[in-house]
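The values are calculated or read from the model by the stated rules, or taken from the named source; none is laboratory data. Predicted model only: the values in this text are computed from it and were never measured. Here the Cβ positions follow ideal geometry from the backbone for every residue, glycine too, while neighbour counts run over all protein chains shown. Protein only, heavy atoms only, side chains kept; ligands, DNA and RNA dropped before computing areas. Shrake-Rupley method; radii C 1.70, N 1.55, O 1.52, S 1.80 Å.
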Amino acid sequence: MPAEMNAPLLPPQAADASPDPALERDRRYMRAALDEARLAEAAGEVPVGAVVVWNDTIIARGHNLPIRSVDPSAHAEMQALRAAAQVIGNYRMPECELYVTLEPCVMCSGAILHARIRHVVFGATDPKTGAAGSVLNLFEQAQLNHQTTIAGGVLADDCSRMLKDFFGGRRRAQKAAQKAAQAAACAASGGDVRPVAPGCAHCSPEVTTRSTESDPSQNPEA
């Protein structure tokens, strides 16, 4: 009998299940950003959240607040950057990282670059207004005097699902409100009410919300 037949059978080598430490770190901070997004949702805002990390510690948090603050610049990234600058005592933060649940827009990308943020990690892409690769990429412009590295797709499914659920719920609520208003108008007029023309973006919440579900920045309340 060949010698190798007498050798003890070894168990099949298990696949290396050890997680990537860098990826686990990114996920940990993205979960913190998702917590901020839930605060935005609870306040009736589009659920986007962000955190700023310095020396492996979260030093600032932020979530969407443009409606409550009546401030078009009050995106999650802007809120987190402002808070971080106060903690550090400097508007430039070259040793900091920013985690955000949605790809930054042009405004937020510009602020990130001006703040000299070292690295940005985002979750879901924004195919309508994303300025980190979806529509354009401000972070790859070699002419700029600061280069911020960027990575996307961390917990992307969780981040996307939160946005889709939010806009889905809003769409259902708008449909219900529209039906209730039509029923009330119909009752008040004795049944002689013309239905809302389908497909009219000015009249139909369904049309408006369908276009904004994939593009939070285009929501009239975003």
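Can you tell me which residues in region 48-67 are surrounded by 22 or more Cβ atoms within 10 Å (Cβ to Cβ) and either under 16 Å from ASP158 (Cα atoms) or of a type outside the set (A, V, I, L, M, F, W, C) (or both)?
Listed by number, the residues that qualify are VAL48, GLY49, ALA50, GLY62, HIS63, ASN64.
Considering only residues that are among the hydroxyl-bearing types (Ser, Thr, Tyr) and open to solvent by 70 Å² or more (accessible area, probe 1.4 Å), which ones fall in region 149-164?
Within region 149-164, THR149 is the sole residue that qualifies.
Being surrounded by 16 or more Cβ atoms within 10 Å (Cβ to Cβ), touching a residue at least 40 places away in the same chain (Cβ under 8 Å) and of a type in the set (D, E, K, R), is that true of even one residue in region 104-121?
For region 104-121, residues surrounded by 16 or more Cβ atoms within 10 Å (Cβ to Cβ), touching a residue at least 40 places away in the same chain (Cβ under 8 Å) and of a type in the set (D, E, K, R): absent.
Taking region 122-148 only, how many residues are touching a Cys at 6+ places or on another chain (Cβ under 6 Å), open to solvent by less than 20 Å² (accessible area, probe 1.4 Å) and assigned to a loop (DSSP other than H, G, I, E, B)?
The total comes to 1.
From the residues in region 46-93 that are in contact (Cβ under 8 Å) with a residue 40 or more places away in the chain and part of a loop (DSSP other than H, G, I, E, B), which one is nearest to PHE122 (Cα to Cα)?
Of everything passing the filter in region 46-93, VAL48 is nearest to PHE122 (Cα to Cα).
The rows are residues; the columns are (1) of a type in the set (Val, Ile, Thr); (2) touching a Ser or Thr at 6+ places or on another chain (Cβ under 6 Å); (3) at pLDDT 95 or above; (4) open to solvent by 10 Å² or more (accessible area, probe 1.4 Å).
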residue	(1), (2), (3), (4)
VAL46	yes, no, yes, no
SER69	no, no, yes, yes
SER73	no, no, yes, yes
GLN79	no, no, yes, yes
GLN86	no, no, yes, yes
TYR91	no, no, yes, yes
TYR99	no, no, yes, no
LEU102	no, no, yes, yes
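Could you pull out the residue among GLN182, GLN174 that is part of a helix (DSSP H, G or I), touching a residue at least 24 places away in the same chain (Cβ under 8 Å) and over 19 Å from the mean Cα position of the chain (by Cα)?
The match here is GLN174.
Among the residues of region 127-166, write down those that are more than 24 Å from ALA22 (Cα to Cα) and either in contact with a strand residue (DSSP E or B) (Cβ under 6 Å, 6 or more places away or on another chain) or acidic (Asp, Glu) (or both).
Once the filter is applied, which keeps residues that are more than 24 Å from ALA22 (Cα to Cα) and either in contact with a strand residue (DSSP E or B) (Cβ under 6 Å, 6 or more places away or on another chain) or acidic (Asp, Glu) (or both), region 127-166 yields only ASP165.
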